[in-house]
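Let me begin by presenting the structure, written as structure tokens, before commenting on it.
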Amino acid sequence: MRHFLFLLLISFSVNAQDLGQAQHCGYDFTSYLVLNVHEEGAKENIKGLKLTLVDLDGKEVLNANNQYSWKDNNKPLEFSFNYLIDENNQRIEQPIEGVKERWYFPYAKDNYFLSIVNTFPADQLKVKIEDIDGNKNGGFFETQIVELNYFDLFVLCTNQARDYAVQFGRKANKPLEVIIKKATK
């Protein structure tokens, strides 16, 4: 009888643990901001721009104590341009015949992206887009500050993305489109 009660207790314990744990995915606790930055009438993203997070006053924010991202603690947060990787996860600059390639961040193509925490305060921050003199574009485009909202987040491991998709307005997990203007010199 004692053995039966012991087995019954273990069985209840295992079932309770299964109910309390949700399935995890590789993006738990992480979301992404993805921006599609191009000129009016063009589809190709403009490479070589500097995209950083700024506060509502336009001042660069620091990622103090990983408040906004799990990467780059106590540093300003700068977007990266998505890139191709090979089957060994090594960065490649252009497609190579016979080599299977894919995007580093698979949910975006040739876009800018930034890894952020799921509790990211999108309504309290903006993105500053700069074309710095001396870079690839040579200061050809105007500096622009873009407002963010919660629909701009790529939320990958939650029902929140599905819930946003059925609401009115812009669909979730779609790059934020930014049309950048040429600088007047």
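No value in this document is a laboratory result; all are computed from the given coordinates. The structure presented is a predicted model; accordingly, all values stated were derived computationally and were not measured. With ideal geometry, Cβ positions are generated from the backbone for all residues, glycine too; neighbour counts draw on all protein chains shown.
Quick one: which of 33-39, 95-101 comes out on top by average Cβ neighbours within 10 Å, and what's the full order, highest first?
33-39, 95-101
So how do 112-120, 57-65, 86-94 stack up, highest first, on mean other-Cβ count within 10 Å?
112-120, 57-65, 86-94
Please tell me which of these pairs span more than 31 angstrom C-alpha to C-alpha: Lys100/Lys126; Lys50/Lys174; Lys100/Lys181; Lys100/Lys182?
Pairs exceeding the cut-off: Lys100/Lys126; Lys100/Lys181; Lys100/Lys182.
Under 5 Å between amide H atoms, partner at least 5 residues away or on a different chain: which partners does Ile116 have, H built in plane at 1.01 Å?
Sorted by chain and number, the residues that satisfy this are Ser31, Tyr32, Leu33.
Please sort 177-183, 79-85 by packing, taking for each peptide the average over its residues of neighbouring beta carbons within 10 angstrom, highest first.
In descending order of packing, they fall as 79-85, 177-183.
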